[in-house]
Each structure stands twice: as structure tokens, then as C-alpha cells.
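Below is one structure; the comments refer to it alone.
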Amino acid sequence: MIIRNPLIFGELDKSVVSPASAMVNGQIVFTIYGGPILILALLSICVTANSAAANTMFWTASPTIGTPKQITAATGALASATAGTTILLNPTSLVTAPDIVTAAAGGVQIGANVSNRIMVPAGSLTLGCSGVNPGTWQHYLRYSPLSPDVVVNV
């Protein structure tokens, strides 16, 4: 039996970042092993500009056991988003769209003033998008593992 100090473990929030890539509908961005996590922040940053084609994005949690559940509504239009535009998960509810801040506004997110956190079980966080999105995006996940055995990979 392994005994872990809960005071130390409870302070170990973690983060992981994906490589920059084009948004593809149904793309698994993060895979969660060993138990559930609380999502503390989920941020996407535009690395190279999108085309003028109409498109949006959203996130889905696809558990290892159970049914996939969309955890955000679709964003507003991302057509012609420029490098430096950011998209931040807004955990107000599971039907709230992520917040978009344009590069022209510095891409600086203030975050939602809510105490909600989205918990997702082991499985994957999948990116959904509508339309063609040839721009590239990088995704950052900050999370708190609910088990000392949790690992999140890209």
C-alpha cells in the first residue's frame, strides 16, 4: 500500500500543452488516464491566422466508460482570426460558449468570475469544430487531478 501525503498531493495542479496544429473536427487533444480531473483552465491560442471561411469550435469530454458529452457550446465565428487570438473555457455551465479575445485586444483573457469547475472522467478531451479551419492553434490545459494516479497526455 502506498501512502501519500494529502496535503502535498492537494497542491499539485498540473498543466499540459498540445503542439500547434490545424483544428480538425473530432480531434483528440488531451487523453486522461488514471481517474478524473477538474479543469482549472482550458486556453486555445491562434498561432497562424485562420482563413475567412466560417468556422467555430467547442469541446467534448469522451469518457473511457460512458457517453461523450459536449462541455461547451460552440464559440462565435472564428473566420479570419489572427495569430494571438485566444479562446478560454468559461465554466459557467456546460452550454456556455468559450470566451474569445482577439489579437487586436492583446488576446488577454480575464476569465469568468464563477466558482464552477468542470470535472471530466478518464478518457479524452476532443476538439470539435464546424467548417474548415486551416489556421493553427495550440491548446493549454491546467487541471487538478482527483487521484494521485492521473496522467494527462497530448
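The values are calculated or read from the model by the stated rules, or taken from the named source; none is laboratory data. Everything numeric in this text was worked out from a predicted model, so none of it was measured. With ideal geometry, Cβ positions are generated from the backbone for all residues, glycine too; neighbour counts draw on all protein chains shown.
Points worth noting:
- Region 15-44, residues that are closer than 24 Å to Thr136 by Cβ and not aliphatic (A, V, I, L, M): Ser15, Ser18, Pro19, Ser21, Asn25, Gly26, Gln27, Phe30, Thr31, Ser44
- Hits in region 38-50 - residues which are among the β-branched types (Val, Ile, Thr) and either surrounded by fewer than 19 Cβ atoms within 10 Å (Cβ to Cβ) or over 21 Å from Asp99 (Cβ atoms) (or both): Val47, Thr48
- Selection from region 31-60 of residues that are modelled with pLDDT of 95 or more and not in a strand (DSSP E or B): Gly34, Gly35, Pro36
- Check on Ser147, free of Cβ contacts under 8 Å to residues at least 12 places away in the same chain, over 17 Å from Thr72 (Cβ atoms) and outside any strand (DSSP E or B): no
- In the condition set (1) modelled with pLDDT of 95 or more; (2) farther than 19 Å from Val154 by Cβ, Ala112 is compliant with all but (1).
- Counted residues, region 93-137 - those being surrounded by 15 or more Cβ atoms within 10 Å (Cβ to Cβ) and among the hydroxyl-bearing types (Ser, Thr, Tyr): 5
- Qualifying positions in region 81-92 - buried (at least 18 other Cβ atoms within 10 Å of the Cβ) and under 17 Å from Thr48 (Cβ atoms): Ala81, Thr85, Thr86, Ile87
- Residue in region 110-118 that is in contact (Cβ under 8 Å) with a residue 40 or more places away in the chain, in a loop (DSSP other than H, G, I, E, B), closer than 18 Å to Thr60 by Cβ and not polar (S, T, N, Q) present: yes
- Applying the condition of being among the aliphatic types (A, V, I, L, M) and farther than 11 Å from Val120 by Cα to region 55-80 and asking which residue is surrounded by the fewest Cβ atoms within 10 Å (Cβ to Cβ) yields Ile65.
- The residue that is modelled with the lowest pLDDT, counting only those in region 8-23 that are over 11 Å from the mean Cα position of the chain (by Cα), within 15 Å of Val154 (Cα to Cα) and not in a strand (DSSP E or B), is Met23.
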